[in-house]
1. Of the residues that make up the range 162-174, is at least one in contact (Cβ under 8 Å) with a residue 12 or more places away in the chain, surrounded by 22 or more Cβ atoms within 10 Å (Cβ to Cβ) and more than 19 Å from the chain's Cα centre (by Cα)?
2. Which ones in the range 367-377 are surrounded by 13 or more Cβ atoms within 10 Å (Cβ to Cβ) and assigned to a helix (DSSP H, G or I)?
3. What strands (runs of 3 or more DSSP E) lie completely within the range 114-222 and have 2 or more residues being small (Gly, Ala, Ser), assigned by TED's automatic domain parsing to the domain that holds Leu255 and within 20 Å of Glu286 (Cα to Cα)?
4. I need a count of the residues in the range 99-109 that are surrounded by 14 or more Cβ atoms within 10 Å (Cβ to Cβ) and either in contact with an Asp or Glu (Cβ under 8 Å, 6 or more places away or on another chain) or of a type in the set (Lys, Arg) (or both).
5. Tell me yes or no: at least one residue of the range 389-411 is in the same structural domain as Asn261 (by TED's automatic domain parsing), over 26 Å from Asn157 (Cα atoms) and without any contact (Cβ under 8 Å) to a residue 12 or more places away in the chain.
6. Taking into account only those residues within the range 230-254 that are touching a residue at least 60 places away in the same chain (Cβ under 8 Å) and more than 16 Å from Ala436 (Cα to Cα), which is surrounded by the fewest Cβ atoms within 10 Å (Cβ to Cβ)?
7. Against the definition (surrounded by fewer than 18 Cβ atoms within 10 Å (Cβ to Cβ) and closer than 15 Å to Phe299 by Cβ), how does Glu399 come out, yes or no?
Amino acid sequence: MAKRKQAIILLIIAALSVLLIWQLSGSSGIRPQAATGGKDNGSAFNGKKEAGASGQTIKAAVSMTPVEFQVLQEQTAQYMQAHEGTTITLENIPGAEVYAKLKKASQMGEAPDAMLLDNAWIQEFAALGFLKPLDDRLSTEQQSQRIPSMMNQVKWNGYLWGIPRDVDPYVLIWNKKAAAEGKVEHAPLNREEMIQWNKSFLKPEEGRYGIYLDPSDNMALISMVTSLMSQPTETPHPLQKLADPNLLKALQSFLLPQEANWNSKTFSVNYPAPSDTWKPWDLLAEGKITAMITTISEFRQHKGGELALAALPINFAGKGSGAWLKGRSFSVSSRSTHVQAAADWIKEMTSPEAETQTWNKAGSLPVLLSSYSASPLRGDEQYNSYAWLVREGKVLPFEIDGAKKLDQVQKEKALLEKGEKDLKTFAEQIAKLYGAKSDS
């Protein structure tokens, strides 16, 4: 009997030993932190390999500048090295095509597993059933560790539909030397000075330009419009006031100081579209463009020399200066068959390590609040300006069809630039689109 008991005890010890060895060997890789609360430290780029499902391929689509896309490619290559068996394919879609292409692909059930969406599009995509909820991927506590305005944009109907990747304030970048040659010592502080800058500096026949903005950038348009408002307005959307006679007069004076009425040919001369032969940042650095409405990330990629940063004199919702904030977030397609794998990749692409890399190499401001109290951001010479812009910045109001409306603005703007409608007609149609009464 004693020998039998001894044998049983030995078998139990052997079984426990095998179990212990299996547990230890199975935990040798470090997996992304589960969304169960606590500090969001992430686990990106730790160099340790993890087992992935054999032959698993995740398709991801983004719309990025070449510099941003290169950073994402590097981060993704490191991720795949640490996750054997998982392949991530990246598609970089041109900005002018991305909204329509991803919406059509979602409608056809052919959307990529992961998509980097403009925050203004997410609620529409969610309402149309194109996205998977991500509440179980990011706990309430982890959500609270990110910029509130960015988190609010990716929530709808009580669910979380995206994980924010970056925040990008719209600002005015001006050439101090070019301004000084025109006897101007500071950036414009109000709409009168905005208009005066273009009257003084906008001379395309001499190869010189005033305050430039990319004609295809809707957020730059909104930034300009709110800088030319005569007084703060509390309308739900800034473009609702576009047909206001006082604002229309200011727009005409700012966009076409050489003309009394709308002239599409003059506009195309004053605001050429960026191209390989007409590069706004090169012209700004040379002093041929005096100032430009653009983003912090673009400024970070081109800063130096005589370029200086200033807040725009926006006049909306009680603010006298500040910035409109643009943000992008990663979402998962509702048709994806690799939800867990896509969410794991997204988690690491939005980790503190990834945010720091993106800030250093591509200039996109982070969404994690902890990044603003740590280096390298804390040590940047413009840190106080960046922190203030993010803290005081505004986002577009919630609208299920917000993305669709902005797409319509772009189409109407194209007709305006072709001369198929004048500024007043364009403004009235856009104001009506955003809820203004027909007699406005």
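The values are calculated or read from the model by the stated rules, or taken from the named source; none is laboratory data. Everything quoted here is computed from the prediction, not taken from an experiment. Virtual Cβ from ideal backbone geometry, glycine too; neighbours counted across all protein chains shown.
1. Yes, the range 162-174 contains at least one residue that is in contact (Cβ under 8 Å) with a residue 12 or more places away in the chain, surrounded by 22 or more Cβ atoms within 10 Å (Cβ to Cβ) and more than 19 Å from the chain's Cα centre (by Cα).
2. First, pick out the residues of the range 367-377 that are surrounded by 13 or more Cβ atoms within 10 Å (Cβ to Cβ): 367-372, 374, 377.
If the condition is that a residue be surrounded by 13 or more Cβ atoms within 10 Å (Cβ to Cβ) and assigned to a helix (DSSP H, G or I), then Leu369, Ser370, Ser371, Tyr372, Leu377 are the ones that fit.
3. Numbers: elements: 114-118, 163-175, 209-212.
Qualifying strands (runs of 3 or more DSSP E): none found.
4. Total meeting the criteria: 3.
5. Yes: one or more hits.
6. Ranking the qualifying residues of the range 230-254, first place goes to Gln231.
7. When the stated conditions are applied, Glu399 does not pass them.
So that you can scan it fast, the table gives a plain yes or no per residue for (1) closer than 27 Å to Leu309 by Cα; (2) surrounded by 19 or more Cβ atoms within 10 Å (Cβ to Cβ):
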| site | (1), (2) |
| --- | --- |
| Thr358 | yes, yes |
| Glu381 | yes, no |
| Val395 | yes, no |
| Leu416 | no, yes |
